[in-house]
Each structure stands twice: as C-alpha cells, then as structure tokens.
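Structure record follows, encoded as structure tokens.
The values are calculated or read from the model by the stated rules, or taken from the named source; none is laboratory data. This is a predicted model, so every value here is computed, not measured. Here the Cβ positions follow ideal geometry from the backbone for every residue, glycine too, while neighbour counts run over all protein chains shown. Just the protein is used for accessible areas: all its heavy atoms, side chains included, with ligands, DNA and RNA removed. Shrake-Rupley method; radii C 1.70, N 1.55, O 1.52, S 1.80 Å.
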Amino acid sequence: LTYRNGQHLHQYATVKNTMQALVAAADREFLRDAYHILAHSGSTHESFENLIEPWTTRTPQAGCPPPHVWGCSKMALLIRSMVVMEYGGRGGLDPDQRELRLFNAIPAGWAKPGQRAAVDEAITEFGTMDASLTFRADGADLAVKSDFHTPPARLVLRVPYWAEFQRLESAGGSVSNGWIFLPAGTKSARVFFRERSPARAEAAV
C-alpha cells in the first residue's frame, strides 16, 4: 500500500476498502464509494496515482501523468465485480466450493421497469457466460447462457439493499439472509421484490 519507504499511501488503495464492502454484502457502502472513485477519475475513468491537488484541477504535477496502470486495473476489477465475481472456496484452494456471484451491487437508478443490466461473453474462471437482469415493477428476471468448462458450485444473486425480497421462482433455488442461491445450470429465474422507502432502505443496512 505504501511507497518511498512507507512515507506515502497509493491513492488507489481506496479501491481495496470498496471491494471489501462488496464482499461483505455492504452494497450501499460499495456503491457510494465506487461512484466517488469514478467521480475522481479522469474523463475516460483512468486512474491517477498521486500528485493531484485536492479541490483544484485534475492536472497532475510533473512526473506522474495518468493513466496509472495498476490503479486502472483495480478500477476495471471494481466495475466488473459489480456484475460478475468469482468467490469462495478459500480463494480457489477448494475449487469445488467456488461460486459465481452475479449483479452484486445494483443501484436503484438502474432498476426501472424495462431497463436491463447485462454482461455478454464474460470470461470467468469457470468459462464464458452471458447474463442479464431485466427489471419489472415487481422485481427482475434473470437470464443466463453459460458455456462452463468447470461449473461453479452455484450461482448467487444479492438482494439489493434498497429492495425488500418477496419470493423467488426458480427450480432448485433458495434464499437466505439476502442471498439468492441458484444451481450452476440455471438458465432463468424470476425474483420478486419491492423497493423500500428511503427511510426503510437506510434502516436495512
């Protein structure tokens, strides 16, 4: 995290805390921090390393121009993890327990009826897949097309912090503590939820 013999912190270390929030199912905190990070990136979301003066322009001091490759790679992983993320199995030591998490942090602004969040030909450690989440007034429809060479232990969805879960329609699916668990071969699922009021959404986190 540091450079110059521990004198300074790399600014992109913020991404590490943000990713911890995602893993901990604190999607509200993740989204807040992720949008702050994007707001303080360049016009093409490139990452700076340091030497940007606060509350001024985004012009770096001499000798430290963007993009910063390692910082940009972390930002790319941050955005990818919002919609697809491999997780579990002791970091891969137990591959048969690895799961594939989909749509881990969905902003409420995305969830308007008829809108669709999707990934196409996503490359994962299990193989490639297409996945989409199409929103309805009373929930969302998941569609998955996978070409797994090694299927994950299961597919997992997160009930957004701003939503109150009602029911799930999917063969072999189950729900526990805000997590929706689906068999690896799932092709579709219907999730029913309703949007919480702002006050109730705040109380739920």
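Taking 7 Å steps out from each Cα toward its Cβ at Leu9 and Trp179 produces label points 2.9 nm apart.
If you run the Gaussian network model on the chain, springs between alpha carbon atoms under 10 Å, then out of Val69, Val144, Val23 the most flexible one is Val69. A Förster distance of 30 Å, applied to the separation of the beta-carbon atoms of His45 and Thr134, puts the FRET efficiency at 0.70.
For the chain, complete DSSP H runs whose alpha carbons reach 20 Å or more along their own long axis and whose mean Kyte-Doolittle score is -1.0 or higher are 69-83. For segment 134-188, the list of trypsin sites (Lys or Arg not before Pro) that fall in a loop by DSSP and count at most 13 other C-beta atoms within 10 angstrom reads Lys187. Between the beta carbons of Arg90 and Ser197, assuming R0 = 41 Å, the FRET efficiency works out to 0.55 to the nearest 0.05. Highest mobility in the GNM of the chain, judged by mean-square fluctuation with C-alpha springs under 10 Å and restricted to Thr18, Thr128, Thr57, is found for Thr57.
Shown are Asp96, Asp141, whose ranking by accessible area with a 1.4 Å probe and every protein chain present, most to least, is Asp96, Asp141. Put Ser176, Ser146 in order of accessible area, highest first, and with a 1.4 Å probe you get Ser176, Ser146.
With protein chains left intact and a 1.4 Å probe, residues in segment 120-174 average 48 Å² of accessible area per residue. How much mean residue ellipticity at 222 nm does the chain get from its helices, if each DSSP H run of length 4 or more adds -39500 (n - 2.57) and you divide by all residues, to the nearest 500 deg cm²/dmol? Calculated from helices alone, the mean residue ellipticity at 222 nm is -7000 deg cm²/dmol.
Computed from backbone phi with θ = phi - 60° and the Karplus coefficients 6.51, -1.76 and 1.60, the 3J(HN,Hα) list for segment 148-164 is 7, 7, 9, x, x, 4, 5, 9, 9, 10, 10, 6, x, 4, 8, 10, 9 Hz; x is used for glycine and proline. Taking a point 7 Å out from the Cα of Trp70 in the direction of its Cβ, the residues of segment 13-34 whose backbone N falls within less than 11 Å of it are 13.
Given 25 °C and 0.890 mPa s, how large is the Stokes-Einstein diffusion coefficient of the chain in µm²/s, with Rh as the Kirkwood radius over Cα pairs? Rounded to a whole number, D works out at 132 µm²/s.
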